[in-house]
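Following: one structure in structure tokens, then a few remarks.
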Amino acid sequence: MCAAALEEYCGSIFGNASYLKRPDPDLPLCVEQTVLVWIPLCFLWLCAPWHLLAFCQSANVNTQPLSKLYICKQLVVSLLFLTAIAHLGVTLGEDFGPNSDQSSKNAGVYYANPVLFAVTWIVVLLCHEGLRREGAIDSASLFLFWLLLVVCDIFPFQTLLREALRLGEVPDVPRFSLFYISFGLELIALALSTVADIPPEAKDFIKKNPEAGAPFLSRITFNWLNSMVLKGYKQPLVQEDMWDLNESDSTAFINERFQHFMKPELDAARVRFQNKMKKKSAKTRDSAQEDPQLSSGLGKGEERGKTEDEKKKKDNKEEENYPSSWLITTIYKTFKRILIETVCFKLLQDVLTFVSPQLLKLMISFTQDKSRYAWEGYLYAVLLMVVALLQSLTLQQYFQRCHVLGMKVRTALMAAVYKKALVVSNDTRKESTVGEMVNLMSADAQRFNDVTTSIHLLWSCPLQIIISIVFLWLELGPSVLAGLGVMVLIIPTNALIATKARKLQIENMKFKDKRMKIMNEILNGIKILKLYAWEPSFQKQVEDIRGEELKVMKKFAYLHSFSILTSCCIPALVSLATFAIFVSVSKDNVLTAEKAFTSISLFNILRAPLAMLPMLIASVVQTAVSKKRLEKFLAGEDIDSDIVRQDPSFNTAVSVCDGSFAWEKDAKPLLKDVNLDIEPGRLVAVVGAVGSGKSSLMSALLGEMHSTKGFINIRGSLAFVPQQAWIQNATLKDNILFGSPHEEENFKKVIQACALAPDLELLPGGDLTEIGEKGINLSGGQKQRVSLARAVYSQADIYLLDDPLSAVDSHVGKHLFENVIGPNGILKNKTRILVTHGISFLPYVDKIVVLENGVISEVGSYENLRASGGAFSKFLDTYAKEQSNQGNSETDEGQDAEDFELIRDGDGAQPDGASEDTVSLTLEREDSIRRSQRNVSVRLRKNTSVKKSENADEPQKGQKLIEKETMETGQVKLAVFLQYLRAMGWGYSAMVFLIYFIQTAAFTGQNLWLSDWTGDSVEYYNTTYPSWKRDTRVGVFGALGVAQGLFVFLGTLLLANASINASRILHSRLLNNILRVPMVFFDTTPIGRVINRFAKDIFTIDEAIPASLRSCLLCLMSVLGTVFVICLVTPFFAIVIIPLALIYFFVQRFYIATSRQLRRLDSVSRSPIYSHFGETVSGLSVIRAYKHQERFLKHNEVTIDENLKSIYLRIVSDRWLAIRLEFVGNLVVFFAALFAVISRDSIDSNVVGLSVSYALNVTQTLNWLVMTTSALETNIVAVERVNEYTQLKNEADWVTDTRPPHMWPEAGRVQFENFKVRYRPELDLVLHGITCDIDSTEKIGIVGRTGAGKSSLTNCLFRIIEAAEGRILIDDVDISTIGLHDLRNRLTIIPQDPVLFSGSLRMNLDPFDKFSDEEIWRVLELSHLKSYVSGLQEGLQHKVAEGGENLSVGQRQLLCLARALLRKSRILILDEATAAVDLETDNLIQNTIRKEFSDCTVLTIAHRLHSIMDSSRVMVLDAGKILEFDSPSNLLEKEGHFYAMAKDAGITLESNTHS
């Protein structure tokens, strides 16, 4: 019916089989005039409305001048419009012209088609204009329209030509010429549509981001990346080469969307959670009464003591105590659009996957039937190629989007974690250490990234499995159910493995966290470990945890190899079961080539989803763990912003009404019933003993504590100077400006007032000097002054100063008080609250608040309090004597910054700066290290005042402190691979290789056997199939299949053992070496960088390398097997192999060069994200006090963006490669099919099936091969990075052959003989030939201005730095001849900053368990800690928090004293620690030392002279030389350097003799 109507419409035959049943087939004219015309036109008309929308939005008319390309496009279409009109004219002329034949009119199609085309061309003209208005650079739909049109026009093109050639003339000249003209124009239009129309103003933007200017064709083939790949091939890429991100990929954009969806989801989850908790509250109340510890905040410490079942209870409780299951929905809502796009691509690709086997089936039946025309074979070959091409294109689009989605999810999570960290309450902060938070950002976000890339397989795998089964049923009937049964049986085993794996994974994460925590502490306290010679103890701790971790990993690897066994055996077992049942069910069922190879290629399709599902489920399981961790952290409580009100109606600047404050929600309040009113513009001092709650009061005012009752009101903005200065890794200027705009005048004023001017003169880059992490190249005093300057510069209304004067010298303190804080300072009109121990300042303040045990005991002016005879006057009387001794020198209290410097700034005029040639080399955490530069600077001052001005313009190389992270470039050296293989063990490596080789042989053998088996169907055609033959066939087939699985299993087991071996060796080498590296390394390397080696790189070695090594081997073998089989079948194919291999090789070399660099850039640009995060968390209170959260968020976004640039390009480079390789693979398929057609007379159909089904598989395998080799190359970079740190130069041996006598040093005599030292070979001397004798039991005080070399002296005694010349003898033993541990174990030091490690108190005192508990209690008693420790629930086993956070600074200092008492050697070095404690603790320490160390030689590095006035002799150092060395009284009489210093401190000969 339909055909008849069409034939009438065309005036010719529509369908006729005779057109195709001949050697040179053709389509009927009517088909060409109707169907082939309508296809492209329908497509265009469907797409056109989108482009025409631009006309509706009249607002954005593009007023740019028309581009040349636009004019060309419109011109071509206008010409086409003219040809359509001409077509119509010809028809009209023929029908109604003067010489028209009335009897035969033209058919309807000759009128309809020209009209259709004319309308279409007008639509295209409008589409072009619409695109121009939108500002689009090209259009995918128009390109596809032109492509369709040209393809459809090829048929009439050859029909007309063949017709003309047959007749020897052109029958219808006008239409003939018009068709060819329009065909030419269509080709031109197609060419034009592949070019992007870039407006001139976008040119610059497109230089920075070529993707934005890439036309459709370039986008689907990723051609726009070519320039980057080429650049990467020529030279290693650097961060500056990276292109800008698209707006929608930037952190800011993603984060905004994510937060927008997260808020409602999280609120809903909180409501659900509260409802759940209400139901449970009754139960919880009961259990809380039974076990009060669960509700206390000490949960962490107690865990260990509990029995197992209690612990389990706690774990279950863990699960419930936060709002859950909101993260996934948030992610889904945020990225809905990409998810839907990927679904479409994946669906299309899955459908296309199943077209190939059907084509293969046709191909085989074609080769079997020799009577069929050759063109059918060629058609199938071309179709196979086209389907494969389409499949490649859709697959790559799908992958590209999935990976970008993964990247975006990771970014959203990282940004969310960072944002949360800025507002997190103290409770939540306590639950997760900095290390754990960084882990959330790195490991957990990465897990999400990995899972999102493959999330669609959750529905796609089952879909593929179902479709394959349907097709298999059509081939083999019900016997497929046998195969299906095997699959179903395997599923529960896999599920079992997955749950077990999950448990192991959680366990593994615990060990990882634990190990990273200890590593973090080791690296932060490495100086202390070296001084105490405690490295072995900590090394053992880490090795033990690592051992546990590896045990878990081994279990995991075994499980994994088991699941690989199942996934490898499945295809073999399934095909075995299916074929065996198929042939044994009935005698008529004979396995033909067609059936067997179609089934095999279907089984091959099955292989991927079946292998992927268990892996996917495992990774989903791992991600579930991460999801919990993230949900717990992100749903944690925010800091309560309502604790501090900002009510302007109050007339006080600060009011606290009846406030009680605690650090944790349910804990006892630390500050009780606080009532305090402070008028604007007043200076209020807060005093009290150690631990009376002074710093807590500051925190309460900042809103950092929980308020149990009462409220705080603050009128105006805050500035905060914490007790431990928080310095950022930025320039000095940035640290002071802290985000405020730069005003030169104000800046200079602040610098002067804060006594920083002299420091700036000496710093190599002035105020542009870069400060290292945690301010390691500034002394404690400088850090404190920078912190103060930051506060002053911020011009706030209220200043909270938490003891800023403790870390500086007395006269500097005086200067700061006079010029900044005091009644005449810069801040005289501001409200100032000053925590202090410096009695001398108290008379000048407006009001004094006295704290006792968290209660305000007195408030009033100095005079009133003095007179009242209360706590305050007692406090003063205790120290009155001290004070008269010292005059006003006493302002030095508390500091416990981690890198607290050993210097006090002598006169503020010579800070620890460095001259321009040295700083770049010195990044010393060691104050003393600055000596080297200081004497240089002194010299500079004298001789070369001119030199300074000459160099002022060129940036000095000293401004950069931290060396840039080295990044290997170029190819990963073979040596690195060999190192890894050596770590695995050569025997293992060879075995693994051999076993995988045998496995491939078994696989190939199985398929050759099958192809032989299908030959039987021809041999036994129409006869009965002997059963013995059937059984042999099935048996051998099965045996080979099982052998494959077993070999893979064996190989994987061996590989697992080998790689864990390698992991163990590489980690212990790294750890071993890092602990033996000289101190100078840690001073020049940010801790984050070392941590990165232990975290990211070890993780890669543990998990990623073994996996990529395995897949690499399997792929390589599989590719070799495939090539072997195809060549065996069609020897012709060998000709094509060489050019294909060449293309393949070049593409891969190009790609690997770029990809490797991009991955290295990725890992290098990751470090700053984590270091910035760590820095932020440690400075939270400061950032919050200044209300700078927004600025830090912005900075975090910029840092993540830098990292995303390389990640994004890396994702695209993977796709760039895959598209090109798949093209090579598609050519392999094409040629395999083509040669099969060409030589179909000489080969069997069963072999053709084998060759083509193998070829179909090769595309994917080739792709995987490059992916896995480059992944392996990339991952092996981790081995390279770890090795870099295992080859760092070590310090001297810990123990040597020459060991000192057992009791050495007995006398404790120390002799320096012409001792010279420098920090590094290229630097100047720090000590210039020190020569002195110190007798047994002498008490020596060492004094000198900042930078005189005081601390270098102690560093030399401990050989932290080695002598350049001369030697030190202790009891006549030259210390450079014995081992470092022999030396360090026999000396005792009380360092300036008390560093504690997390673990028990006992471990902190005696990590090697050398001493009995009695001895430990004895030293605790001597160091006045006994009452405190015995009051703790767990006594000596009390858990110390990370960095000793749960002890006060004074207590930490007393613990360090206890350490010294425990070791009690004949020589004690006291790096005057008294700066960090109040006078009370100071007195305790001094008295204990005098009494307990009376028979020892004591060297005291003094920062305050009064403490060494009773020493036997005083050594005055300056610029690394001894100026004076005599008893204090003699030196005072001499009136030399010492006398001048004593006079500054208010000590005179008289006062000295009185005391």
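Grouping the Cα pair distances of region 1033-1074 into 5 Å bins from zero gives a pair-distance distribution of 5, 20, 13, 13, 11, 9, 8, 6, 6, 4, 3, 2, 0 percent in increasing distance order.
Accessible surface calculations at 1.4 Å, restricted to protein heavy atoms, place region 170-272 at 51 Å² per residue. Under a 5 Å amide H cut-off, with hydrogens placed 1.01 Å from N, residue 692 pairs with nothing among residues at least 5 apart or on other chains. Rounded to the nearest 20 debye, the dipole magnitude of the chain is 2620 debye, with +1 charges on Lys and Arg beta carbons, -1 on Asp and Glu beta carbons, and the Cα centre as origin.
Lys-Lys pairs in region 329-480 that are eight or more residues apart or on separate chains and whose Cα atoms lie under 25 Å of each other come to 15.
Using the alpha-carbon centroid of each, what span in Å lies between region 168-236 and region 596-648? The two parts, judged by their Cα centres, are 41 Å apart. Farthest toward the positive end of the dipole of the chain, out of 210, 493, 1398, is the Cα of 493, where the dipole comes from beta carbon charges about the Cα centre. Counting only alpha carbon atoms, the long axis of helix 535-585 and the longest principal axis of the chain meet at about 10°.
Taking the Kirkwood radius as Rh and the Cα radius of gyration as Rg, region 1320-1387 has a ratio of Rg/Rh equal to 0.95.
Think of the chain as a dipole: +1 on every Lys or Arg Cβ, -1 on every Asp or Glu Cβ, centred on the Cα centre; then among 367, 689, 1500, 367 lies furthest on the positive end. About the centre of its Cα atoms, region 49-173 shows a dipole size close to 420 debye [charges on the beta carbon of Lys, Arg (+1) and Asp, Glu (-1) only; nearest 20 debye].
When only alpha carbons of region 660-785 are considered, Rg and Dmax amount to 18.2, 52 Å.
Spatially close Lys pairs in region 653-804, defined by Cα atoms under 24 Å apart and a spacing of eight or more places or different chains, total 15. Taking 0.36 nm per residue of sequence separation and removing the Cα-Cα distance, the residue 730/residue 1243 pair yields an extension gain of 177.3 nm. Of the trypsin sites (Lys or Arg not before Pro) in region 1248-1315, the ones in a loop by DSSP (not H, G, I, E or B) with at most 11 other beta carbons within 10 Å are 1289. The radius of gyration of the Cα set in region 3-96, together with its Dmax, comes out at 20.0, 60 angstrom.
Just to confirm my numbers, what's the Cα centroid distance between region 417-446 and region 1024-1041 in Å? Centre-to-centre distance over Cα atoms comes out at 62 Å. Over all pairs of different C-alpha atoms, region 1324-1466 has a mean inverse distance whose reciprocal, the Kirkwood radius, equals 17.3 Å.
So for the chain, considering every pair of alpha-carbon atoms, how many percent are separated by more than 52 Å? Tail fraction, whole percent: 45.
Taking the alpha carbon gyration tensor of region 462-574, what are the square roots of 5 times its eigenvalues, largest first, to the nearest whole Å?
Equivalent ellipsoid semi-axes, largest first: 51, 12, 9 Å.
Note on exposure: 663, 1028, 1304, 986 ranked by accessible area (1.4 Å probe, complete protein assembly) read 1028, 986, 663, 1304, with the most exposed listed first. Rounded to the nearest 20 debye, the dipole magnitude of region 321-398 is 180 debye, with +1 charges on Lys and Arg beta carbons, -1 on Asp and Glu beta carbons, and the Cα centre as origin.
Ligands, DNA and RNA left out, the 1.4 Å accessible surface of the chain is 61% carbon and sulfur atoms. Computed from label points 7 Å out along Cα-Cβ, the spacing between residue 495 and residue 828 is 8.1 nm.
DSSP beta bridges confined to the chain are antiparallel in about 55 percent of cases.
In degrees, nearest 10, range 0 to 90: what is the angle between the Cα axis of helix 109-134 and the longest Cα principal axis of the chain? Around 10 degrees separate the two axes. Against the chain, whose longest principal axis is taken from its Cα atoms, helix 68-96 shows a tilt of about 20°. Within the full protein context, the accessible area of residue 1319 is estimated at about 20 Å² for a probe radius of 1.4 Å. Taken one residue at a time, the phi angles of region 210-222 give Karplus couplings (6.51, -1.76, 1.60, θ = phi - 60°) of x, 4, 4, x, 8, x, 3, 4, 5, 5, 7, 9, 6 Hz. Gly and Pro are set to x. Could you point to the residue in 1150, 1183, 1130 farthest towards the positive end of region 1078-1190's charge dipole, with +1 and -1 charges on the Cβ of Lys/Arg and Asp/Glu respectively? Projecting each Cα onto the dipole axis, the largest value belongs to 1150.
Per the Cα gyration tensor, region 1282-1408 maps to an equivalent ellipsoid with semi-axes of 24, 21, 18 Å, ordered largest to smallest.
Reducing region 1137-1216 and region 971-1015 to their Cα centroids gives an inter-centroid distance of 34 Å.
Taking amide H as placed 1.01 Å from N in the peptide plane, the amide H of residue 1328 sits under 5 Å from that of 1521, each at least 5 places away or on another chain. Calculate I(q)/I(0) for region 1212-1363 by the Debye formula, one identical point scatterer on each C-alpha and no solvent, and give its log10 at q = 0.14 Å⁻¹ to two decimals. These q points yield log10 I(q)/I(0) values of -0.91. 3J(HN,Hα) couplings calculated from phi for region 493-506 with the Karplus curve 6.51 cos²θ - 1.76 cosθ + 1.60 (θ = phi - 60°) are, in sequence order, 4, 4, 5, 4, 4, 4, 5, 4, 4, 4, 4, 4, 4, 4 Hz; Gly and Pro show x. Each label was represented as a point 7 Å from its Cα along the Cα-to-Cβ direction; for residue 1298 and residue 50 these points are 8.3 nm apart. In terms of its Cα atoms, region 693-850 spans 51, 32, 27 Å along the principal axes, sorted from long to short.
Residues whose amide H falls under 5 Å from that of residue 731, counting only those 5 or more places apart or on a different chain, are 771, with hydrogens built in the peptide plane.
Note: relative contact order over the chain, using C-alpha pairs below 8 Å and six or more positions apart, is 11 percent.
The phi torsions of region 1119-1128, fed into the Karplus equation with coefficients 6.51, -1.76 and 1.60 and a -60° offset, translate into couplings of 5, 4, x, 4, 4, 4, 5, 4, 5, 4 Hz, rounded to whole numbers, with Gly and Pro shown as x. The translational diffusion coefficient of region 621-727, from Stokes-Einstein at 20 °C and 1.002 mPa s with a Kirkwood hydrodynamic radius over alpha carbon pairs, comes to 135 µm²/s.
The values are calculated or read from the model by the stated rules, or taken from the named source; none is laboratory data. The structure presented is a predicted model; accordingly, all values stated were derived computationally and were not measured. Neighbour counts run over all protein chains shown; Cβ positions are idealised from the backbone, glycine included. Note: areas computed on protein heavy atoms with side chains; ligands, DNA, RNA excluded. Shrake-Rupley method; radii C 1.70, N 1.55, O 1.52, S 1.80 Å.
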